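Laboratory data are not the source of any read-out in this text; all were calculated from the coordinates shown. Keep in mind that what you see is a predicted model, and the values were worked out from it rather than measured. Reconstructed Cβ throughout: ideal geometry from the backbone, glycine too, with neighbour counts over all protein chains shown.
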Amino acid sequence: MRRWTALLLVSCVAAIWGVAAAGGATGPGSPSPVIYPDQRLPLAFSHAAHARAGATCTGCHADAATSRSALDNLMPPEAACTSCHPIDRGDPERVVAGRPAARCVACHPGWQPGQPVARVYVPPPNLKFDHAAHRSVDCRGCHGDLAGVGLATRDHLPRMADCLGCHDGRRAPSACTTCHLAEVGGRVQTDFREGSLRPTGGLRGDTHGPDFRTHHAALARSAEAYCASCHAESFCTDCHVGVVKPLDFHPANYVELHAVDARRGSPDCSTCHRQQSFCVGCHERAGVGARAGDFDRTDPMRRFHPPGWGEPGPASHAREARRNITTCVSCHREELCLECHTAEPGGPRVDPHPAGWAGSARCEALARRAGRMCLRCHIDGARCQR
């Protein structure tokens with residue numbers, strides 16, 4: 001169980017932390033702006049220079065040792081700077097020989113006398129994090145070695161790979177919501193003001209791109225728990241069972257392109273569309289259905305199929321119907337087939353079944369599984385006789 005939980009964490013949360021905000025991917029090595037919102041750092045600052053001068057992480061970020069929430073502001077206040085810099089707000093141009101810079105513009109470039117100082121803005125991450133619980137972890141384990149870095153930015157905040165070193169289900173909890181914010185019901189919150197969390201596909205190949213809704217079936221069948229960590233059941237049923245289908249499911253101009261997918265059967269059109277109403281109705285309105293105004297079985301100029309297509313024989317429709325019946329029903333309604341393929345008295349009684357079908361194991365199995373389909377031809381419930 002622990003191993004499964006750890007694998008689920010790696011697949012679920014690691015994928016999510018590498019996501020891009022809706023509207024564009026992040027650059028190489030850059031963390032998600034959804035997890036770590038963009039910052040404003042109008043500062044002239046060097047971590048490397050302060051490290052050489054003997055400054056320590058906790059010396060400037062003293063509150064980090066006791067912080068229990070990611071909402072805490074851990075940026076050092078001015079008081080932390082005055083222990084070295086002889087800052088005097090009454091003398092913004094102050095210079096003290098032998099002491100670190102004290103002039104306002106030394107740290108706040110662009111500052112003008114009489115104008116407010118541009119404020120630093122570091123929004124809290126969309127995560128749960130307890131610095132105090134991580135006191136035993138070296139700061140460099142999460143933030144990297146800043147001894148050679150100028151101004152540290154969001155690029156120096158920890159990534160999922162850093163967390164998975166400990167959060168493996170044994171040394172530390174591996175549930176997704178250990179770090180990620182949760183919605184009612186325990187699922188990972190994916191929608192934020194900054195955008196939406198989307199897996200990158202680096203572990204499971206589930207990049208949530210424009211075509212993912214068309215090709216997600218295999219993943220959904222193989223890893224239901226993985227999907228359920230973010231999606232409620234209603235998310236699936238709104239599309240799969242909902243009366244109103246999403247209008248943006250297919251790409252633009254798909255009406256002109258859908259024939260290839262329809263013949264190939266991928267995606268399965270019948271998952272959302274009723275072929276005997278949606279497909280046939282549209283085809284008839286377009287003039288290619290059997291009951292359309294522009295369709296004529298006898299006029300060669302207005303006939304869709306070659307001569308003899310509807311008659312018995314090797315050049316007829318039988319082979320194509322057996323190979324891909326969905327192609328036929330995209331234009332023809334069921335009653336057209338029943339003009340010949342019916343067990344009713346008075347009709348041609350053309351049997352669509354192979355020899356020896358009646359009473360065979362396949363016949364019995366199909367009758368048990370989909371008996372109503374048999375009744376389309378065998379109205380009285382009797383088996384076809386030979």
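Points to keep in mind about this one:
- Helix-only mean residue ellipticity at 222 nm for the chain, each DSSP H run of n ≥ 4 adding -39500 (n - 2.57), per residue, nearest 500: -7000 deg cm²/dmol
- Residue order for 122, 95, 184, fewest other beta carbons within 10 angstrom first, comes to 184, 95, 122.
- Contact order relative to length of segment 190-251, as percent, for alpha carbon pairs under 8 angstrom and 6 or more apart: 18 percent
- Anisotropy class of the chain from Cα gyration tensor, a/c 1.5 cut: prolate
- Dipole magnitude for the chain: computed about the Cα centre from +1 point charges on Lys and Arg Cβ and -1 point charges on Asp and Glu Cβ, it is near 820 debye.
- Charge tally around residue 111: other residues with Cβ under 13 Å, Lys/Arg +1 each, Asp/Glu -1 each, net +2.
- Evaluated with a Cβ-only charge set (Lys, Arg +1; Asp, Glu -1), segment 254-337 carries a dipole of roughly 160 debye about its Cα centre, given to the nearest 20.
- For segment 19-153: rounded, prolate or oblate by the Cα gyration tensor [a/c cutoff 1.5]: prolate
- Packing-based exposure ordering (other Cβ within 10 Å, fewest first) of 222, 174: 222, 174
- Charge context of residue 88, other residues only, Cβ under 11 angstrom, K/R +1, D/E -1: +1
- Rounded, prolate or oblate (a/c below 1.5 giving rounded, otherwise prolate when a/b exceeds b/c) for segment 254-337 by Cα gyration tensor: oblate
- Amide H within-cut-off set for residue 192, under 5 Å, with H built and near neighbours excluded: 197
- Selection from 266, 318, 201 lying farthest towards where the dipole of the chain points positive, charges on Cβ: 318
- Legend: ranking of residues 160, 75, 301, 373 from fewest to most surrounding C-beta atoms inside 10 Å; resulting order 301, 373, 75, 160.
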